[in-house]
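The structure under discussion appears below in the form of structure tokens.
The values are calculated or read from the model by the stated rules, or taken from the named source; none is laboratory data. What you see is a predicted model, and the numbers here were worked out from it, not measured in a lab. So basically every Cβ, Gly included, is an ideal-geometry build from the backbone, and we count neighbours across all protein chains shown.
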Amino acid sequence: MPGAKEITVSSPIYFPPVWQQLTLVDQLNSVSIYSSAVCGGDSNKGKSKKWRKILQFPHISQCIGLKDKLDIRYSYVVDQQPIGRLLFRQFCQDKKPSYHRYNLFLDAIEKYEIEMDENRTELAKDLFEQYLKREGSEVVDILNDSLIAQCEERLGTGGKELFVEIAQTVKNFLAGEPFSAFQTSFYFYRYLQWKWLEAQPVTYKTFRMYRVLGKGGFGEVCACQVRATGKMYACKKLEKKRIKKRKGEAMVLIEKNILQKINSKFVVSLAYAYETKDALCLVLTIMNGGDLKFHIYNMGGEPGFDINRARFYAAEVVCGLEHLHLQGIVYRDCKPENILLDDHGHVRISDLGLAVEITEGDMVTGRVGTVGYMAPEVIDNEKYTFSPDWFSFGCLLYEMIEGQAPFRARKEKVKREEVDRRVKEDQERYSTKFTEEAKSLCQQLLKKSPKNRLGCKCGRHGAKEVKLHSFFQCLNWKRVEAGMWEPPFVPDPHAVYAKDVLDIEQFSTVKGVNLDATDDTFYSKFNTGSVSIPWQNE
């Protein structure tokens with residue numbers, strides 16, 4: 001698919017200027033309204049005055065039937081549904097102190113697992129004293145003596161996995177009688193009411209639309225705000241006629257389904273999918289901090305980042321790739337402009353237009369990606385699984401440190417065929433900007449053969465290999481995954497992290513394409529409304 005990149009849905013979901021399209025008055029009004037929505041300190045900023053009506057619960061008789069349609073296992077309601085978890089916790093706290101104590105114990109274990117290494121041994125002893133000693137005031141009395149004794153023997157190690165078996169035993173207990181009691185309580189009926197609200201149709205009236213942020217392959221990307229909550233998002237509008245003209249239905253649906261499947265701090269999330277008369281709309285996490293390409297090259301000084309900053313972004317991208325791969329998804333477009341910063345300085349993978357889902361045991365082909373970042377096996381149109389992502393990740397890490405890509409200099413005018421030849425044949429060069437550990441990691445990621453490449457020996461679990469490399473030795477991965485590692489750079493909320501002149505052209509009208517009833521089947525697959533976890537978190 002050599003031409004695939006030409007129809008990629010690009011997702012510049014940051015906040016670039018569109019000055020060339022706006023009059024001075026338009027500029028001032030647009031920035032004023034948008035800034036007020038984004039930067040206002042009031043938690044109710046932007047929330048509709050009718051929010052209570054919008055989020056009004058139905059009578060329980062309207063939603064009791066959902067019990068037969070929903071997954072009502074503990075593993076789903078409590079472990080995966082934010083509102084389900086909160087309501088079950090509230091039930092335990094209000095109805096039985098011992099159940100509440102067990103939940104507090106699980107919270108303490110979670111805190112222990114993300115604690116700094118040097119503090120964990122002392123914390124393990126405190127946790128054991130409080131919850132596992134028989135004479136303790138908050139003792140967890142559902143554990144057998146042998147399990148407690150095994151834990152006590154290993155207290156001095158301070159290992160991250162010390163309480164894993166105990167935590168699972170407590171969860172198994174809570175999933176039994178306590179959860180059964182929860183299912184006959186008012187708290188569970190409240191959960192069903194929330195699920196009923198979640199399933200209500202989503203339309204353009206659900207949102208306020210703000211200014212254009214950028215342009216994708218099938219339409220514009222705009223800032224938008226949910227009327228009921230005031231939450232800001234980016235709305236990627238995919239024009240129906242443009243999709244049909246370019247036969248992009250399958251591509252659009254694949255991207256939407258993949259986004260809907262992934263719930264990760266390190267991948268841009270899909271919150272809503274809906275349609276209007278003229279467009280299909282994906283409502284996504286808004287990322288105001290710009291992309292890594294801008295930060296590498298346009299922040300003044302020498303291009304590139306210091307080692308610690310590069311390590312921070314690399315670690316979060318590894319987590320994002322891990323979450324994609326565990327779901328059987330190969331990304332195929334890892335590059336600096338697709339890694340976006342949020343308001344706090346954390347990064348997320350964006351633009352899954354080229355991603356594809358791989359069934360366990362299968363392989364795919366497809367010469368897709370971006371020139372200079374595609375792995376040799378992609379260039380040669382060979383079968384692959386997740387190996388191209390680790391090669392592209394190696395290119396990304398190299399570029400963050402060196403300040404230019406490994407196989408193509410910045411703004412170098414060179415034919416695609418020559419770049420492809422370099423990728424397959426040339427060895428990258430390393431300057432003094434690289435530490436030995438950084439050089440070693442890049443070299444192992446940029447191996448020409450996937451058989452020798454780091455991350456490619458364990459299928460979906462390749463991230464485990466990468467995480468064990470000495471470049472990441474100083475990290476506590478539990479803290480990284482919890483978003484608790486302090487970012488080395490925090491974007492200024494009043495700054496615009498994009499080039500001063502960005503010409504976002506208006507799309508021309510699509511002619512010669514008519515929409516008819518046969519298109520409705522495709523639209524119905526797309527128009528699925530709220531996505532459960534982001535909606536509940538909102």
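General observations
- Considering residues of the range 140-156 that are without any contact (Cβ under 8 Å) to a residue 24 or more places away in the chain and assigned to a loop (DSSP other than H, G, I, E, B) only, the residue nearest to residue 123 (Cα to Cα): 154
- Positions within the range 110-122 being of a type outside the set (Ser, Thr, Tyr) and either in contact (Cβ under 8 Å) with a residue 60 or more places away in the chain or crowded, with 17+ Cβ neighbours inside 10 Å (or both), in sequence order: 113, 114, 115, 116, 117, 120
- The requirement of being of a type in the set (D, E, K, R) and either buried (at least 16 other Cβ atoms within 10 Å of the Cβ) or in contact with a Pro (Cβ under 6 Å, 6 or more places away or on another chain) (or both) is not satisfied by residue 436.
- Complete set of residues in the range 315-334 that are surrounded by 23 or more Cβ atoms within 10 Å (Cβ to Cβ) and either in contact with a Leu (Cβ under 6 Å, 6 or more places away or on another chain) or part of a loop (DSSP other than H, G, I, E, B) (or both): 331, 332, 333, 334
- Any hit, the range 199-208, residues being among the hydroxyl-bearing types (Ser, Thr, Tyr), over 20 Å from residue 534 (Cβ atoms) and modelled with pLDDT under 95: no
- Single condition residue 258 does not satisfy, out of (1) within 25 Å of residue 63 (Cβ to Cβ); (2) part of a helix (DSSP H, G or I): (1)
- Matching residues, the range 363-386, being under 21 Å from residue 261 (Cα atoms) and either of a type in the set (Ser, Thr, Tyr) or modelled with pLDDT under 95 (or both): 385
- Residue, modelled with the lowest pLDDT, within the range 34-65, restricted to residues that are of a type outside the set (Phe, Trp, Tyr) and surrounded by 16 or more Cβ atoms within 10 Å (Cβ to Cβ): 38
- You will find that of 422, 408, 416, the residue that is in contact with a helix residue (DSSP H, G or I) (Cβ under 6 Å, 6 or more places away or on another chain) and either at negative phi or among the basic types (Lys, Arg) (or both) is 408 and no other.
- Verdict on residue 374 being without any contact (Cβ under 8 Å) to a residue 40 or more places away in the chain, within 29 Å of the chain's Cα centre (by Cα), assigned by the TED database to the domain that holds residue 318 and under 29 Å from residue 251 (Cα atoms): no
- Flag if residue 328 is touching a strand residue (DSSP E or B) at 6+ places or on another chain (Cβ under 6 Å) and at positive phi: yes
- The one condition from (1) surrounded by 15 or more Cβ atoms within 10 Å (Cβ to Cβ); (2) modelled with pLDDT of 95 or more that residue 476 does not meet is (2).
- Hey, residue 489 assigned to a helix (DSSP H, G or I) and either crowded, with 17+ Cβ neighbours inside 10 Å or modelled with pLDDT of 90 or more (or both) or not: no
- Test result for residue 301, of a type in the set (Gly, Ala, Ser), modelled with pLDDT under 95 and either out of contact with any strand residue (DSSP E or B) (no Cβ under 8 Å at 6 or more places or on another chain) or within 26 Å of residue 478 (Cα to Cα) (or both): yes
- Cβ pairs under 9 Å, 6+ apart, first in the range 333-349 and in the same structural domain as residue 392 (by the TED database) and over 25 Å from residue 408 (Cα atoms), second assigned to a helix (DSSP H, G or I) and at pLDDT below 95: 343/38
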